[in-house]
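The values are calculated or read from the model by the stated rules, or taken from the named source; none is laboratory data. This is a predicted model, so every value here is computed, not measured. So basically every Cβ, Gly included, is an ideal-geometry build from the backbone, and we count neighbours across all protein chains shown.
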């Protein structure tokens, strides 16, 4: 009984470390444009840009975490996470430069 509790505790610590890793990764990625804005006028993000980027990055990371926790077959995990990342990149590109010409484009 005690051994099973130790295994559950170890499992929970690993899951929490992944969540902390996701959040730290999002913060570090958002620091890149923030720091770049201090040195050049080429990067000009507003608060809304940072909020949207944080939602996209954190949402994608948390959805991948959910897939990792809930889907058992590794091939499905990889496929779903690749689809999620592809969707993130397409949405990001549309918001940045408008590759599809929607009203949400960056123009």
Exercise. Take the range 59-87 and flag every residue that is in contact with a helix residue (DSSP H, G or I) (Cβ under 8 Å, 6 or more places away or on another chain) and closer than 15 Å to residue 22 by Cβ.
Key: 60, 61, 62, 63, 64, 65, 67, 68, 69, 81, 84, 85
Practice problem: Kindly indicate whether residue 34 is over 25 Å from residue 16 (Cβ atoms), within 19 Å of the chain's Cα centre (by Cα) and exposed (fewer than 11 other Cβ atoms within 10 Å of the Cβ). | Solution: no
Quiz item: Would it be correct to say that residue 95 is surrounded by 11 or more Cβ atoms within 10 Å (Cβ to Cβ), over 19 Å from residue 25 (Cα atoms) and in contact (Cβ under 8 Å) with a residue 40 or more places away in the chain?
Solution: yes
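Out of 55, 71, I need the residue that is over 30 Å from residue 35 (Cβ atoms) and at pLDDT 95 or above. Which one?
Details: 55 fails: over 30 Å from residue 35 (Cβ atoms).
The unique qualifying residue is 71.
Please state which one of 20, 13, 55 is part of a helix (DSSP H, G or I), within 18 Å of residue 92 (Cβ to Cβ) and either touching a strand residue (DSSP E or B) at 6+ places or on another chain (Cβ under 8 Å) or without any contact (Cβ under 8 Å) to a residue 40 or more places away in the chain (or both).
Details: 20 fails: within 18 Å of residue 92 (Cβ to Cβ); 13 fails: within 18 Å of residue 92 (Cβ to Cβ).
On inspection, the qualifying residue turns out to be 55.
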